[in-house]
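Right, one structure below, let's go through it.
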Amino acid sequence: MSETPLIRLRGITKTYGEGNTAFQALKGVDLDIQQGDFVAIMGPSGSGKSTAMNTLGCLDVPTTGAYLFRGVHVEALARDERARLRRRYFGFVFQGFHLLARTSAQENVELPLIYRGEPAASRHSLAQRALERVGLKGWEHHTPGELSGGQQQRVAIARAIVTEPQVLLADEPTGNLDTHRSQEIMELLWRLNAEQGITVLMVTHEPDMAAYAKRIVRFVDGVVESDERNPHPVALQAGVTHETVSDAEVSGIAGKEAPHVA
Ligand code: ADP
């Protein structure tokens with residue numbers, strides 16, 4: 001692992017409101033996240049998980065404390081610089097998919113590329129490739145209403161990865177899905193992490209989903225209560241050994257072709 005973490009939080013606090021109604025949602029959070037990690041963020045409702053995710057994703061700034069992303073002080077950036085950093089390095093996936101209705105999967109995935117000013121031809125091929133990476137080749141022209149919940153979440157993941165982000169932030173990505181679809185989504189996130197080295201930060205309430213992560217961070221009452229390595233992340237299928245998993249991770253991070261583990 002490199003010495004400078006991809007993400008370093010130091011003494012992060014976040015207070016909403018002022019005076020009598022002020023509420024401190026984060027009370028001093030320290031967290032280092034290395035490139036290639038897969039972190040499940042857990043904790044009871046109201047413990048500060050979403051506030052922490054908004055901070056990590058450069059959507060909001062802390063009240064006090066330091067957030068270093070690749071050594072850059074995010075809290076000191078101007079709003080538009082923060083937006084540029086967010087667009088370049090982060091992808092977002094939400095519980096409710098947030099796809100445009102009556103708009104094809106292809107067009108949904110192209111959206112972040114439009115914001116980036118990508119020409120139509122490359123937009124088209126990048127979106128196609130992203131849809132292929134999430135297993136939706138052949139579904140490009142379907143609208144969200146014609147897709148299952150699991151497929152809609154795959155489109156949302158394709159949209160999140162089409163810009164080749166370093167970090168994928170997923171806020172309860174399986175919260176609206178049944179167990180089977182949830183497992184498929186977790187396998188996809190696992191694969192993006194293991195084979196392509198994308199750092200995944202995921203909020204979840206479900207221990208079965210957190211079991212795919214390499215590390216589990218628990219928030220309670222605005223602080224990190226525990227931060228543990230998961231010695232045995234769930235592999236894609238029974239029969240995939242942990243040795244195979246770490247080979248895939250290593251070659252994925254090194255940018256070489258990963259062994260086929262599906
Ligand atoms: P979690 O994601 O763990 O449920 P949140 O980060 O959403 O927790 O919220 C932590 C606390 O901060 C909650 O008590 C919530 O009511 C409060 N909070 C969150 N966002 C705001 C806001 N915009 N204004 C005021 N209070 C907020």
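None of the figures in this text is laboratory data; all of them are computed from the coordinates on show. All values derive from a computational prediction rather than experimental measurement. As a convention, Cβ positions derive from the backbone with ideal geometry for all residues, glycine included, and neighbour counts pool all protein chains shown.
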Suppose we keep just the DSSP beta bridges with both residues in the chain; what percent of those would be antiparallel, to 5? 55 percent
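Please give the length that would be gained between residue 228 and residue 142 if that part of the chain were fully extended, namely 0.36 nm times their separation in residues minus their C-alpha to C-alpha distance (nm, one decimal).
On the way: separation 86, 0.36 × 86 = 30.96 nm, distance 4.10 nm.
Taking 0.36 nm per residue and subtracting the Cα distance, the gain is 26.9 nm.
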Angle, helix 179-196 long axis vs. longest principal axis of the chain, Cα atoms, 0 to 90°, nearest 10? 80 degrees
Calculate how steeply helix 105-115 sits against the longest principal axis of the alpha-carbon atoms of the chain, using the helix alpha-carbon long axis, and give the answer as 0 to 90 degrees to the nearest 10. 50 degrees
Rounded to the nearest 10 degrees, the helix 242-254 long axis (Cα) sits at an angle to the longest Cα principal axis of the chain of 90 degrees
Can you sort 141, 124 by how many other beta carbons sit within 10 Å, fewest first? 141, 124
At 0.692 mPa s and 37 °C, plugging the Kirkwood radius over alpha-carbon pairs of the chain into Stokes-Einstein gives what diffusion coefficient in µm²/s? 173 µm²/s
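Nearest 0.05, what FRET efficiency do residue 85 and residue 10 give at R0 = 25 Å with Cβ-Cβ as r? Walk me through the numbers before you get to the answer.
Values: r = 18 Å, r/R0 = 0.72.
Rounded to the nearest 0.05, the efficiency is 0.90.
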Between the stretch 132-178 and the stretch 43-93, what is the C-alpha centre distance in whole Å? 23 Å
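Among 179, 63, which comes first, second and so on when ranked by fewest other beta-carbon atoms within 10 Å? Present the calculation step by step, with values, prior to reporting the outcome.
Working: 179 11, 63 16.
By the 10 Å Cβ count, ascending, the order reads 179, 63.
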Close lysine pairs (the stretch 7-254; alpha-carbon distance under 26 Å; 8 or more apart or on separate chains) counted at 5
P(r) histogram, all alpha-carbon pairs of the stretch 1-150 included - 5 Å bins from 0, percent: 2, 8, 14, 16, 15, 14, 13, 10, 6, 1, 0, 0
Limiting things to C-alpha atoms, what are the Rg and the maximum Cα-Cα separation (Dmax) for the stretch 1-85, in angstroms? 13.3, 45
